[in-house]
Amino acid sequence: MHSDSVKRGLERAPHRSLLRALGITDRELEQPFIGVVNSFNEVIPGHLHLRTIAEAVKAGVRTAGGTPFEFPTIGVCDGIAMNHVGMKYSLATRELIADSIECMAMAHGFDALVFIPNCDKIVPGMLMAAMRLNLPSIFVSGGPMLAGRRASPEGRQILDLNSIFMGVGQVVQGTITEQELAELEELSCPGCGSCSGMFTANTMNCLTEALGLAMPGNGTIPAVDARRIRLAKNTGMQVMELLKRDLRPRQIVTASTIRNAFVVDMALGGSSNSVLHLTAIAHEAGVEFPLRQLNEINQGTPHLCKISPAGEHHVEDLDLAGGVPAVMKELAGRLDTTAMTVTGQTISQNIARTQVRDRSVIRSVAEPYSPTGGLAILFGNLAPEGAVVKKAAVAPEMLKHSGPARVFNSEDEATAAIMGKNIKPGDVVIIRYEGPRGGPGMREMLTPTSILSGMGLDSQVALITDGRFSGATRGAAIGHVSPEAANGGAIGLLREGDTIQIDIPAGRLEVKVSDEELARRRAEQPAFEPRVKTGYLRRYAEMVTSASTGAVYR
């Protein structure tokens with residue numbers, strides 16, 4: 001066992017003495033050491049209750065004969081970090097989380113690990129660490145937040161975080177008052193859990209099930225449901241079975257299971273950020289997965305669920321309808337169901353007794369929302385290495401669009417123009433120098449897209465960026481444009497009024513400017529000057545790679 005390196009032999013007497021200082025008994029010393037990686041903090045609503053989850057996990061570990069040791073990781077709330085300098089740090093924490101877990105696990109000789117994430121970058125950061133360490137590992141998230149509710153003369157209104165962001169645009173447009181916006185603030189986020197739509201956190205927690213690294217229910221059981229506690233206890237017990245069988249993450253996560261995760265993602269209409277994260281997870285697992293494969297998956301996968309922001313349902317509805325196992329059963333013919341999972345059984349065995357309980361939430365493959373998936377990768381002279389769009393949340397009339405570029409060199413500039421009502425129907429808003437290196441940190445653009453939606457322009461205006469979008473984004477929002485402007489990408493060469501052509505069904509993103517003109521502009525382009533020259537973000541910008549490769553480190 002790995003823990004022998006810290007507890008066996010004469011020369012380990014000092015180590016054992018320090019362990020005894022923790023209150024560890026002789027029996028506990030003899031048992032396997034299980035690291036419980038807890039991302040609890042008092043800043044993120046999705047993590048506020050994770051102490052309770054961790055206690056349940058540790059109870060499960062002890063029940064099955066292990067000795068648990070809990071240790072923390074950092075975590076950023078993307079909602080609170082949104083639209084200010086804080087968002088530069090969000091994606092950058094993913095690598096810190098993976099690195100810090102590696103340090104803790106290797107330094108203390110854990111035999112196996114239980115990971116407790118919940119929100120945005122914490123989930124992929126932990127998944128990357130699990131791949132890198134390749135110790136027997138299992139995940140249990142904190143679960144989704146319930147949707148908010150408000151009674152009105154028109155009937156009950158279902159709310160989520162996106163309701164508030166859109167509300168800002170509605171106030172600007174004059175369709176609601178600031179008092180009504182304040183009411184949305186009070187009711188949209190009713191308690192602990194990851195934000196209630198199919199945003200990035202819930203997408204990644206659902207995909208952790210699809211990857212085979214979490215027990216059924218991980219992605220959808222609400223945070224406040226007692227089933228979540230039982231799931232955590234069972235997860236703690238199951239890690240001991242994984243250790244006994246020596247079943248490790250890289251035996252579970254292969255090219256086949258990465259593909260499975262993308263198929264489920266396409267059917268769910270998940271966050272565009274999943275492309276960035278699954279690519280990074282594949283990298284850590286030693287799996288090559290080029291972006292171009294995603295369009296093949298997209299073409300062969302029906303879109304079965306419309307969960308907020310794409311539709312009116314929320315993750316709690318998906319849970320009642322059968323959850324991720326029910327979606328996977330519906331997709332069984334498109335999945336490698338022989339893949340092993342942390343249950344100790346294959347996907348086929350896991351879903352054998354599952355059924356779809358609500359066809360209004362999970363449609364059949366015979367009657368999907370769309371015959372193709374909810375995400376698409378676009379290529380063209382504006383994005384030679386690719387760009388990502390959550391097409392499930394794009395209005396039909398914007399799937400093909402041509403319009404003049406309105407060029408901004410930061411999210412802040414674009415937001416000011418939108419708030420000032422300087423963006424007109426038909427415009428294509430370009431936000432550049434917000435990529436992994438240029439931002440640095442690849443900020444999410446939820447504020448400008450949500451304000452456009454609140455102003456009723458999401459079906460008339462497109463937004464293109466080398467930054468990212470929140471999973472809550474809706475509209476013709478195309479992100480991850482690669483190469484980014486800071487790396488000489490064509491998005492940095494655009495000028496006000498250039499005609500941009502978007503063809504999402506055909507997977508194309510073009511600027512109607514000749515190659516010769518783009519070359520001339522490139523020759524005149526001054527060298528990129530980093531925006532941040534001190535601290536962690538400086539180091540991040542120096543090491544990070546393109547979004548097309550998952551924004552991993554060199």
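The values are calculated or read from the model by the stated rules, or taken from the named source; none is laboratory data. Every value quoted in this text rests on a predicted model; they were computed, and no experiment measured them. Here the Cβ positions follow ideal geometry from the backbone for every residue, glycine too, while neighbour counts run over all protein chains shown. SASA here: full protein model, heavy atoms, side chains in, ligands and nucleic acids out. Shrake-Rupley method; radii C 1.70, N 1.55, O 1.52, S 1.80 Å.
Listed values, structure above:
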| quantity | calculated |
| --- | --- |
| Residues within region 341-356 that are touching a Ser or Thr at 6+ places or on another chain (Cβ under 7 Å) and not β-branched (Val, Ile, Thr), tallied | 2 |
| Pairs, first over 13 Å from Gln251 (Cα atoms) in region 334-352, second among the charged types (D, E, K, R) and modelled with pLDDT of 95 or more, C-beta under 6 Å, six or more apart | Ile351/Lys329 |
| Single residue of Val407, Val389, Val394 found to be more than 20 Å from the chain's Cα centre (by Cα) and β-branched (Val, Ile, Thr) | Val407 |
| Selection from region 157-173 of residues that are in a helix (DSSP H, G or I) and hydrophobic (A, V, I, L, M, F, W, C) | Leu161, Ile164, Phe165, Met166, Val168, Val171, Val172 |
| Only one of Arg495, Arg508, Arg474, Arg554 that is surrounded by fewer than 21 Cβ atoms within 10 Å (Cβ to Cβ), touching a helix residue (DSSP H, G or I) at 6+ places or on another chain (Cβ under 6 Å) and not acidic (Asp, Glu) | Arg554 |
| Subset of region 93-111 [touching a strand residue (DSSP E or B) at 6+ places or on another chain (Cβ under 8 Å) and either at pLDDT below 95 or open to solvent by less than 40 Å² (accessible area, probe 1.4 Å) (or both)] | Glu95, Ile101, Ala105, Gly109, Phe110, Asp111 |
| Matching residues in region 229-269 - criterion: being closer than 16 Å to Phe289 by Cα and not in a helix (DSSP H, G or I) | Val253, Thr254 |
| Residue that is nearest to Asp458 (Cα to Cα) [pool: residues in region 140-172 that are among the hydroxyl-bearing types (Ser, Thr, Tyr) and open to solvent by 10 Å² or more (accessible area, probe 1.4 Å)] | Ser163 |
| Qualifying position, being under 22 Å from Met128 (Cα atoms), free of Cβ contacts under 8 Å to residues at least 60 places away in the same chain, out of contact with any Cys (no Cβ under 9 Å at 6 or more places or on another chain) and among the aromatic types (Phe, Trp, Tyr), among Phe69, Phe110 | Phe69 |
| Number of the condition not met by Ala392 [criteria: (1) assigned to a helix (DSSP H, G or I); (2) modelled with pLDDT under 90; (3) touching an Asp or Glu at 6+ places or on another chain (Cβ under 6 Å)] | (3) |
| Sole exception among (1) of a type outside the set (S, T, N, Q); (2) open to solvent by less than 10 Å² (accessible area, probe 1.4 Å); (3) in contact (Cβ under 8 Å) with a residue 60 or more places away in the chain; (4) under 15 Å from Gly386 (Cα atoms) for Gly467, by number | (3) |
| Selection from region 402-418 of residues that are open to solvent by 30 Å² or more (accessible area, probe 1.4 Å) and either in contact with a Gly (Cβ under 8 Å, 6 or more places away or on another chain) or of a type in the set (D, E, K, R) (or both) | Pro404, Arg406, Asp412, Glu413 |
| Filtered residues of region 56-70 (kept if open to solvent by less than 10 Å² (accessible area, probe 1.4 Å) and either in contact with a Ser or Thr (Cβ under 7 Å, 6 or more places away or on another chain) or of a type outside the set (Gly, Ala, Ser) (or both)) | Val57, Gly60, Val61, Thr67 |
| Residue within region 216-225 that is more than 30 Å from Ser482 (Cβ to Cβ), buried (at least 23 other Cβ atoms within 10 Å of the Cβ) and β-branched (Val, Ile, Thr) present | yes |
| Region 58-81, subset among the aliphatic types (A, V, I, L, M) and within 14 Å of Val36 (Cβ to Cβ), residue farthest from the chain's Cα centre (by Cα) | Ala64 |
| Residue in region 178-186 that is modelled with pLDDT of 95 or more, surrounded by 20 or more Cβ atoms within 10 Å (Cβ to Cβ) and out of contact with any His (no Cβ under 6 Å at 6 or more places or on another chain) present | no |
| Tabulated pairs, region 520-537, first more than 19 Å from Leu494 (Cβ to Cβ) and assigned to a helix (DSSP H, G or I), second of a type outside the set (Phe, Trp, Tyr) and open to solvent by less than 100 Å² (accessible area, probe 1.4 Å), C-beta under 8 angstrom, 6+ apart or interchain | Tyr536/Ala92; Tyr536/Leu96; Leu537/Lys88; Leu537/Ala92; Leu537/Pro440; Leu537/Gly441 |
| Pick from region 26-46, criterion farther than 18 Å from Phe110 by Cβ and in a loop (DSSP other than H, G, I, E, B), ranking: most open to solvent (accessible area, probe 1.4 Å) | Glu42 |
| Residues that are touching a residue at least 12 places away in the same chain (Cβ under 8 Å), part of a loop (DSSP other than H, G, I, E, B) and among the aliphatic types (A, V, I, L, M), drawn from region 353-381 | Val356, Val361, Ile362, Val365, Leu375 |
| Condition check for Ala416: in a helix (DSSP H, G or I) and touching a Phe, Trp or Tyr at 6+ places or on another chain (Cβ under 6 Å) | no |
